[in-house]
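Below is one structure, written out as structure tokens; comments come after it.
No lab work stands behind these numbers, since they all come straight from the coordinates. What you see is a predicted model; the values in this text were computed from it and never measured. Cβ coordinates were reconstructed from backbone atoms using ideal geometry, including for glycine residues, and neighbour counts include every protein chain displayed.
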Amino acid sequence: MSSIPRLLLPTTYVSDAAKHIRSATKRVSFLSMILSDDATSDELIDALADAAARGVTVEMAADVYTYAELGGFFFPTQLKTRQSRSSTRMGKRLIKSGVKFTWLGRSHTTIFSGRTHIKWCVVDDTVYSFGGVNLYKAGIENADYMFKINDAVLADKLIDEFHRLARADAGDYAYRSHSFKHNDDTVLIDGGIVGDSIIYRHACKLTAEASHTLLVSQYCPNGKLGRLLKTHNAELYFNPPLNADGLNRAVIRMGMFFSGLKTRYSRTRYLHAKFMIFTMPDGRKIALTGSHNFSSTGVLLGTREIALQTENPKIIKQLEDFYKEFVA
């Protein structure tokens, strides 16, 4: 039986998922771009290790981009920082406890191409996904969220998708982006083919049709979507350059320069949430929420992503409430 998705802030997501994992009886599937071993993630990491030790099937994967984000080198074989070494020890500890753990993206030629940007945690028949929370200190502190959904069918489909993704990564290939129905909603998944993003295509199509678009994202939108937003009725909230450091600051500045778009976001807390709400000419509202930054850069680099497209007013209301409290 399905439940209405419930928006959880990052700290609530971690504690709720950890609690659920401690009582799991059959399976856990965890996927994140960044996964570190620190005070903010200890509770969840301990719960995952304990679940595997007591016989629950626990499958985990995180992207090797973790090592770049934490200040080390690009791959687990090159360790220079304390945090990088800690991440490697964490992976070994999880495997020793019985977790089927994999670092994704080892064979990619650059740290930027073919990244797995999807975030989810499936515990028995409960899904946490369609948000942007990475499991490390900065990720927990960002303005972000995850949705919690109790739905056995959705859980089964994401478990299947996890296995498909793991096979593709092990075989060093990508697969076409695709979608499937979930009740009255649609789940969109990008499989990592360069230039192929069903999520980005839907964002462009809906923007072109909408009478008003609200965009909340980490980065300035660019490419076709940026051009559409510039010529249509849209409100844009993304980090100003000074909110970011290093490469992210440069990416935002370049996005703003080439698109000519400006942000309305004026808060200092780093914005990592990613959603769009489209008001259609007939008054209907449609939302896209998930891991995609709505940037063409990720599309060109073949990034794996997930999003939920919905007209459910209860989901959209939660996104609007998040916007009012943490973004506007």
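What are the principal axis extents of the Cα atoms in segment 195-328, in Å, biggest first?
Rounded to whole Å, the extents work out to 41, 34, 28 Å.
Kindly put Glu235, Glu69 in sequence by how many other C-beta atoms sit within 10 Å of each C-beta, fewest to most.
Sorted ascending by nearby Cβ count, the order is Glu235, Glu69.
Please state, rounded to one decimal and in Å, the Kirkwood hydrodynamic radius that segment 122-235 gives when every pair of distinct Cα atoms enters the mean of 1/r.
Its Kirkwood hydrodynamic radius stands at 16.4 Å.
(1) 139; (2) 118; (3) 126: which one is volume of the Cα convex hull per residue in Å³ as calculated from this entry?
The value matching this structure is (2).
Can you put Ser32, Ser179 in order of Cβ neighbours within 10 angstrom, beginning with the fewest?
Lowest count first: Ser179, Ser32.
Counting each DSSP H run of 4 or more residues in the chain as -39500 (n - 2.57), what helix-only mean residue ellipticity at 222 nm follows after dividing by all residues, to the nearest 500 deg cm²/dmol?
Computed ellipticity for the chain at 222 nm equals -11500 deg cm²/dmol.
To make sure I understand, if each residue's beta carbon is the centre and we count other beta carbons within 10 Å, what order do Asp50, Asp169 fall in, fewest to most?
Fewest-to-most Cβ neighbours within 10 Å comes out as Asp50, Asp169.
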